[in-house]
1. I'd like to verify a number: residues in region 46-60 that are assigned to a helix (DSSP H, G or I) and farther than 20 Å from P204 by Cβ, how many?
2. Can you name the number of the only condition in (1) touching a residue at least 24 places away in the same chain (Cβ under 8 Å); (2) part of a helix (DSSP H, G or I); (3) over 26 Å from the mean Cα position of the chain (by Cα) that W8 fails?
3. Of all residues in region 11-27, which are part of a loop (DSSP other than H, G, I, E, B) and among the hydroxyl-bearing types (S, T, Y)?
4. Quick one: which residue in R269, R250 is closer than 13 Å to A117 by Cβ and in contact with a helix residue (DSSP H, G or I) (Cβ under 9 Å, 6 or more places away or on another chain)?
5. Looking only at residues in region 325-344 that are out of contact with any strand residue (DSSP E or B) (no Cβ under 8 Å at 6 or more places or on another chain) and free of Cβ contacts under 8 Å to residues at least 40 places away in the same chain, which one is surrounded by the most Cβ atoms within 10 Å (Cβ to Cβ)?
6. Given (1) assigned to a helix (DSSP H, G or I); (2) touching a residue at least 60 places away in the same chain (Cβ under 8 Å); (3) in contact with a strand residue (DSSP E or B) (Cβ under 7 Å, 6 or more places away or on another chain); (4) under 17 Å from A254 (Cβ atoms), identify the lone condition not met by I118.
7. How many residues, within region 79-101, are within 12 Å of L9 (Cβ to Cβ) and not in a strand (DSSP E or B)?
8. Report whether or not R105 is of a type in the set (D, E, K, R), over 13 Å from the mean Cα position of the chain (by Cα), surrounded by fewer than 24 Cβ atoms within 10 Å (Cβ to Cβ) and over 22 Å from D87 (Cα atoms).
Amino acid sequence: MSDPKVYWLGFHLVTGIGPTRLRRLLAYFGGDVERAWRAPTAGLAAAGLEPRLIDRLVAARTELDLSAVLRQVADCGARLVTWDDPDYPPALLKIDWPPPVLFVRGDLSADDERAVAIVGTRRPSLYGRDVAARFARELAGRGLTVVSGLARGIDAVAHRAALEAGGRTLAVLGCGIDSIYPAEHRDLAGAITASGAVLSDYAPTVPPDAANFPPRNRIISGLSLGVIVVEAAEESGALITTRFANDQGREVFAVPGQIFTKGSRGPHRLIQQGAKLVVDVDDVLTELRFEVDTNPALQPTLLLDPHESRVLEALSDGPLLPDGLAHQLDLAPGQLSAQLTLLELRGLVRLEGGRVYRAR
């Protein structure tokens with residue numbers, strides 16, 4: 001086996017040899033992963049490996065066909081990226097215990113150092129979907145990479161919006177790189193590999209399992225400068241991601257919502273705990289110390305999608321009741337409410353007297 005990646009793969013497949021023990025082995029064997037893999041039991045013991053793990057490693061060297069597994073990775077259009085690869089994501093490498101091996105479909109880029117994660121509920125409201133799409137579209141339009149987990153709901157909305165804006169997006173799986181979960185996102189995953197990457201630290205054939213998703217969320221936050229939460233229950237995977245983000249020194253952003261909805265409880269709790277309340281992408285960029293274009297003439301192209309432009313145009317002649325506005329625009333009340341809420345949060349419309357909306 002001449003490809004050194006097979007030895008990285010071998011250590012990855014031995015249960016119990018994670019980042020800490022692998023670093024210890026590499027340090028003892030001068031950074032030579034093949035030498036560490038082939039070391040005699042005495043050398044492994046001298047490197048600090050426990051007897052049970054030595055037995056497990058010796059058995060794996062006999063039982064595993066690493067070249068076959070490597071071919072399996074290649075057959076599904078993926079490759080291995082390890083700590084010593086130049087395209088291993090630098091941000092991820094800086095966290096405690098970064099995964100030694102990533103399985104990647106698509107391309108990683110130096111541009112991905114400017115990445116922001118968008119996460120949230122799998123059952124978003126229309127408002128939540130609009131918010132996630134807005135943030136992803138504008139982040140991608142400003143040249144940032146959008147990171148999420150390819151799940152139903154907010155994740156998928158964020159990936160699609162980033163792609164529609166012509167930007168980059170990274171999707172992190174909670175299963176083997178040879179499968180896509182949920183299955184209905186196969187086409188979306190294919191589009192992501194053409195404008196970013198789908199990645200996992202799980203080897204082929206590993207099925208999606210509840211235990212896999214917290215480690216997946218840790219990678220999402222580790223790849224990102226900050227995490228934006230759009231609609232999430234108080235106990236959800238999205239909030240697990242923010243806990244990892246805090247541990248990793250990443251920024252946590254929360255989008256406010258209606259106080260009566262379950263999906264607003266998670267973001268509102270984060271705000272109470274010190275997360276940055278954000279209502280537009282400029283809030284995020286300012287906190288991350290990126291340059292923000294404040295030229296008012298650019299604001300319509302930066303901030304408005306076609307639906308919101310129609311609402312503002314309808315309000316340009318004067319204030320209107322929501323019912324009259326919905327009739328004029330032929331919009332369902334729920335859809336109009338979501339658009340008005342977004343515009344109000346961004347300071348583009350205001351509610352007067354609790355009854356009528358006026359453009360600012």
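1. 10
2. Status for W8: all satisfied but (3).
3. Within region 11-27, just T15 meets the criteria.
4. Being closer than 13 Å to A117 by Cβ and in contact with a helix residue (DSSP H, G or I) (Cβ under 9 Å, 6 or more places away or on another chain) holds for just one of R269, R250, which is R250.
5. L336
6. (1)
7. Step one: filter region 79-101 for residues within 12 Å of L9 (Cβ to Cβ), giving 79-82, 100-101.
Narrowing the set further to residues that are not in a strand (DSSP E or B) leaves 100.
Qualifying residue count for the region: 1.
8. no
The values are calculated or read from the model by the stated rules, or taken from the named source; none is laboratory data. None of these values were measured; they are calculated from a predicted model. Virtual Cβ from ideal backbone geometry, glycine too; neighbours counted across all protein chains shown.
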